[in-house]
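Working notes for the structure below.
All of the numbers you see were taken from the coordinates with simple rules; none came from a lab. Note that the structure is predicted; figures quoted are calculated from it, not measured. Virtual Cβ from ideal backbone geometry, glycine too; neighbours counted across all protein chains shown.
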């Protein structure tokens, strides 16, 4: 008799990890390092200076023991990782509400908790969407509330076969006056992985990408694409404070592709996206200003 795998929902029916608390002094060195990696203007790095939106991803890093890592490079168990068999995951998007920017050199606290866990059916099979909620506090005040969405699937392979990166450098159609162009290569992916303590092998192990995950090349980090979109705001309207933002990662970008961050401003915010010569929308973001 043929046996069918249990639905993903059954593995997380009683999964309720407790909230976790972390502290970080928000030293300015990581912000200076990311600026160097991206060849972008360095934010003011003195004590009390504001951290650009999403740059908090450089902080509150976790470094598990080498023996705690799974075959994909991620930590095997614990935290907010769902207990799925042969688990594979991808960063899908998120949202932030910013009451006040986090400030460099000021000790900060992060409280993380599990949000909604939602099973869905996709083109490659059953998926599980897991939301993690983070609250960031400084000097007794909640400055930032963030929700991150991660999508998981179970089983061999990822169903993620995509066309190989194009060597052509065709310019995508632009609809807004803000543009930022970059070509992420293996060096940048390595440095961004190090800055964010990201050991996922899809960002540095080409044979693993191809043979296990089904990608044609090294995958550019979803958080890096989100940071690039938000950099349009920081460089084009430096006097505006971001009040809220949401972003969605739609299609992967691969190392060696020309990447454009494109933005269209509005009175109270902006619409942003990531494009390549082969596709006009790999990621999108919406920003509102204070």
Could you work out the helix-only [θ] at 222 nm for the chain, with each DSSP H run of four or more residues adding -39,500 (n - 2.57) and the total divided by the number of residues, to the nearest 500 deg cm²/dmol?
-4000 deg cm²/dmol
Taking the alpha-carbon centre of each part, the distance from segment 239-259 to segment 31-84 in Å is 16 Å
What the 5 Å binned alpha carbon P(r) of segment 166-290 shows, as percent of pairs per bin from 0, is 2, 11, 21, 21, 19, 13, 8, 4, 1, 0
Please compute the contact order of the chain in relative form: average sequence separation of alpha-carbon pairs under 8 Å and at least six residues apart, divided by the residue count, as a percent.
19 percent
With each pseudo-label sitting 7 Å past Cα toward Cβ, what's the residue 20-residue 121 distance in nm, one decimal?
3.4 nm
If I take all pairs of Cα atoms in the chain, what percentage of them are more than 28 Å from each other?
38 percent
